[in-house]
Amino acid sequence: MKYKRKFLTTDWIPIIGSVASIVGIVIILIHKFGFTSEIIASIASIISGVIAFTAGMYSKLLTKKLSSLAKSKRIFIAYSSQNEDLALDVIKRLRSKGAYVWLAKEKIQPGEQFEIKVSEALDDADSFIALLGKDISPNVLKEISMAKAHGKRIFPVLIDKVSLPDDISGLSYLDLTEGKEDKIQKLIEITT
């Protein structure tokens, strides 16, 4: 399981702020109070120690958060727009169990290439859920093909009485047309 994080410009703000604070304090001490370089060096050391301690605490917190993220299941969910209410319900339940759920409408921005973003998400996903109803969109069919090509474990979920797409016709599936609530709970359990 991979965790991808871009280095953001905002990551530099605490570093620049810390350096600027030390430089500012040193300048004030020299000009305002006429402190000698030994006193300034001592004060700078204390300030550096406080900053290092704060950075260490932040690093520990960040490590803890990344560790919990690395342990959570990463799930890609594909669905047609007419099934969005059910999809959002399943996503909410998965997230409540600690899963990271990739959702195209949240992650693909205008102007970005659909196939590239989906491929990146599939590289990172542990499993793939396909919600399949009467009108399966071309994007869902493309995502299923891509998930299969990426070697992902695919969980087909039938919302209506339909046949599985050819790419996954040999897979077992969950049929929500009967016992919907129990089947959704089973889906949550087996994917998280």
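Here are the numbers for the structure shown:
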{"quantity": "Where LYS183 falls short, out of the listed (1) in contact with a Ser or Thr (Cβ under 8 Å, 6 or more places away or on another chain); (2) more than 22 Å from LYS105 (Cβ to Cβ); (3) among the basic types (Lys, Arg)", "calculated": "(1)"}
{"quantity": "Residue among SER42, SER68 that is of a type in the set (Ser, Thr, Tyr), surrounded by fewer than 16 Cβ atoms within 10 Å (Cβ to Cβ) and either at pLDDT below 70 or under 20 Å from the mean Cα position of the chain (by Cα) (or both)", "calculated": "SER68"}
{"quantity": "Identity of the residue in the stretch 119-171, in a loop (DSSP other than H, G, I, E, B) and of a type in the set (Asp, Glu), that ends up nearest to the chain's Cα centre (by Cα)", "calculated": "ASP126"}
{"quantity": "Residue check, LYS134 charged (D, E, K, R) and in contact (Cβ under 8 Å) with a residue 24 or more places away in the chain", "calculated": "yes"}
{"quantity": "Residue count for the stretch 81-95, restricted to those that are surrounded by fewer than 17 Cβ atoms within 10 Å (Cβ to Cβ) and either hydrophobic (A, V, I, L, M, F, W, C) or within 16 Å of LYS152 (Cα to Cα) (or both)", "calculated": "1"}
{"quantity": "Residue list for the stretch 96-118, filter: outside any loop (DSSP other than H, G, I, E, B), surrounded by fewer than 15 Cβ atoms within 10 Å (Cβ to Cβ) and of a type outside the set (Asp, Glu)", "calculated": "SER96, LYS105, LYS107, PHE114, ILE116"}
{"quantity": "Unmet requirement for ILE77, which otherwise passes all of (1) of a type outside the set (Lys, Arg); (2) assigned to a strand (DSSP E or B); (3) at pLDDT below 90", "calculated": "(3)"}
{"quantity": "Among the candidates GLU120, GLU106, GLU115, residue that is at pLDDT below 90 and more than 20 Å from LEU187 (Cα to Cα)", "calculated": "GLU106"}
{"quantity": "Extreme residue, nearest to GLU115 (Cα to Cα), among residues of the stretch 143-192 that are surrounded by 15 or more Cβ atoms within 10 Å (Cβ to Cβ) and of a type in the set (Lys, Arg)", "calculated": "LYS148"}
{"quantity": "Every pair of residues 6+ apart whose Cβ atoms lie under 8 Å, when the first sits in the stretch 41-54 and is under 15 Å from GLY17 (Cβ atoms) while the second is part of a helix (DSSP H, G or I)", "calculated": "ILE47/SER21; ILE47/ILE22; ILE47/ILE25; SER48/ILE22; ILE51/SER18; ILE51/SER21; ILE51/ILE22"}
{"quantity": "Scope the stretch 96-113; condition within 25 Å of TYR173 (Cβ to Cβ) and either without any contact (Cβ under 8 Å) to a residue 40 or more places away in the chain or touching a Phe, Trp or Tyr at 6+ places or on another chain (Cβ under 9 Å) (or both); matching residues", "calculated": "SER96, TYR100, VAL101, TRP102, LEU103, ALA104, LYS105"}
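The values are calculated or read from the model by the stated rules, or taken from the named source; none is laboratory data. Source: prediction; values computed, not measured. Note: ideal-geometry Cβ built from the backbone for every residue, glycine included; neighbour counts use all protein chains shown.
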